[in-house]
């Protein structure tokens, strides 16, 4: 692929970060051939000090991808989210609080979550990047994108920043896709090892956005019980799939193939999103699951095949992952699997069976 941009000025890239390109294409862009990687240098300026969720995560990812020439993906600058986009899923008081905290130099939001002078800008670009990725793919009629920004988002609730997250990037993107493109149904799969309480809370009463989470239980934040199914019009549209410590590739892939894929085929969403945390990796220090890079490749391939079957774009948003070596390798495996046409193996279906039994009252395809 020909280079279609210029390297950023050195002043725009934090120490340790790698140079990047911003590319543009005309109407003849071939969506089936080129993945879109969305990033922004403000992610390096969200300064969390020695916190596990630090800029070292992006440095490791981007260095690994640079060594592979970014796999030929198109690199796109994440725009800042507009206030209107944020307010579709967040209370105005939360947006103002993060802005004011950053403008005053930063500080602690809670015991786990901090903001610095650069955090509000980074959070705007993280949310805006996710929305822009969905917008681009829907406008061009398909394709796949990876949003490699920080801070992560899936713990951020409508009125509360928490769990390393300031704004809920995937939720902003889903709501924006529905508003901008009239998409009736969006499916979000969250495979971060921690339950995405924020995304669940935002869409708990919605039948337009289906939220499904595979997460270790018990573990922070202590939410995500299999019996939590949504409320009102949204009952049945929250699909929690908790797994015990020690769970590995068979369990995760079984739940994607045996629960999420049948629901998606029945429901036919117009956009698929993945909140992609990589902290279920066996090397991650914050959890006790047993995935590896090959498992993330399999899981990605299953979602890629599902998106192709449904004719829906696939947007993957970076969430957690705190062993930087495992994180970088797993992101690389994800991008390779998104580009590949290799089919994933069929996982044993015994782990999915109990969930199917409970959910079949809402989704007949699981019966």
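The values are calculated or read from the model by the stated rules, or taken from the named source; none is laboratory data. Keep in mind that what you see is a predicted model, and the values were worked out from it rather than measured. Reconstructed Cβ throughout: ideal geometry from the backbone, glycine too, with neighbour counts over all protein chains shown.
Overview of results
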read-out	value
Candidates 261, 329, filtered to the one that is closer than 22 Å to residue 243 by Cα, out of contact with any strand residue (DSSP E or B) (no Cβ under 7 Å at 6 or more places or on another chain) and part of a helix (DSSP H, G or I)	261
Qualifying residues in the range 310-326 (those that are assigned to a helix (DSSP H, G or I) and free of Cβ contacts under 8 Å to residues at least 60 places away in the same chain) - the one farthest from residue 138 (Cα to Cα)	326
Test: residue in the range 208-229 that is at pLDDT 95 or above, more than 26 Å from residue 363 (Cα to Cα), in contact with a strand residue (DSSP E or B) (Cβ under 7 Å, 6 or more places away or on another chain) and buried (at least 19 other Cβ atoms within 10 Å of the Cβ)	no
Count of the range 332-367 residues which are out of contact with any strand residue (DSSP E or B) (no Cβ under 9 Å at 6 or more places or on another chain), part of a loop (DSSP other than H, G, I, E, B) and surrounded by fewer than 17 Cβ atoms within 10 Å (Cβ to Cβ)	12
Criterion: modelled with pLDDT of 95 or more and under 27 Å from residue 213 (Cα atoms) - qualifying residue of 68, 88, 83	88
Matching residues in the range 137-171 - criterion: being surrounded by fewer than 20 Cβ atoms within 10 Å (Cβ to Cβ) and either without any contact (Cβ under 8 Å) to a residue 24 or more places away in the chain or over 15 Å from residue 196 (Cα atoms) (or both)	139, 140, 141, 142
Residues satisfying the stated conditions in the range 333-367, i.e. within 14 Å of residue 240 (Cα to Cα), free of Cβ contacts under 8 Å to residues at least 60 places away in the same chain and touching a helix residue (DSSP H, G or I) at 6+ places or on another chain (Cβ under 6 Å)	360
Some residue of the range 301-309 being surrounded by fewer than 22 Cβ atoms within 10 Å (Cβ to Cβ), closer than 22 Å to residue 132 by Cα, without any contact (Cβ under 8 Å) to a residue 24 or more places away in the chain and out of contact with any strand residue (DSSP E or B) (no Cβ under 6 Å at 6 or more places or on another chain)	yes
Criterion (at pLDDT 95 or above, touching a helix residue (DSSP H, G or I) at 6+ places or on another chain (Cβ under 6 Å), closer than 16 Å to residue 186 by Cα and in a helix (DSSP H, G or I)) met by exactly one of 298, 266	266
Lone unmet requirement of (1) within 26 Å of residue 327 (Cα to Cα); (2) touching a helix residue (DSSP H, G or I) at 6+ places or on another chain (Cβ under 6 Å) for residue 113	(2)
Conditions (1) surrounded by fewer than 15 Cβ atoms within 10 Å (Cβ to Cβ); (2) on the phi > 0 side of the Ramachandran plot: number failed by residue 321	(1)
Of residues in the range 34-60 being over 22 Å from residue 120 (Cα atoms) and modelled with pLDDT of 95 or more, the one surrounded by the most Cβ atoms within 10 Å (Cβ to Cβ)	36
Of residues in the range 93-107 being out of contact with any helix residue (DSSP H, G or I) (no Cβ under 8 Å at 6 or more places or on another chain) and in a helix (DSSP H, G or I), the one surrounded by the fewest Cβ atoms within 10 Å (Cβ to Cβ)	93
Residues that are within 17 Å of residue 320 (Cβ to Cβ) and in a helix (DSSP H, G or I), drawn from the range 211-253	252
Looking only at the range 183-210, and only at residues there that are without any contact (Cβ under 8 Å) to a residue 60 or more places away in the chain and part of a loop (DSSP other than H, G, I, E, B), the one that is nearest to residue 246 (Cα to Cα)	195
The range 135-150, subset touching a strand residue (DSSP E or B) at 6+ places or on another chain (Cβ under 8 Å) and not in a loop (DSSP other than H, G, I, E, B), residue nearest to residue 304 (Cα to Cα)	144
The range 62-90 - residue that is touching a strand residue (DSSP E or B) at 6+ places or on another chain (Cβ under 8 Å), in a helix (DSSP H, G or I) and touching a residue at least 60 places away in the same chain (Cβ under 8 Å) and, of those, nearest to residue 336 (Cα to Cα)	65
Complete set of residues in the range 108-117 that are in a loop (DSSP other than H, G, I, E, B) and in contact with a strand residue (DSSP E or B) (Cβ under 8 Å, 6 or more places away or on another chain)	109, 110, 112, 113, 117
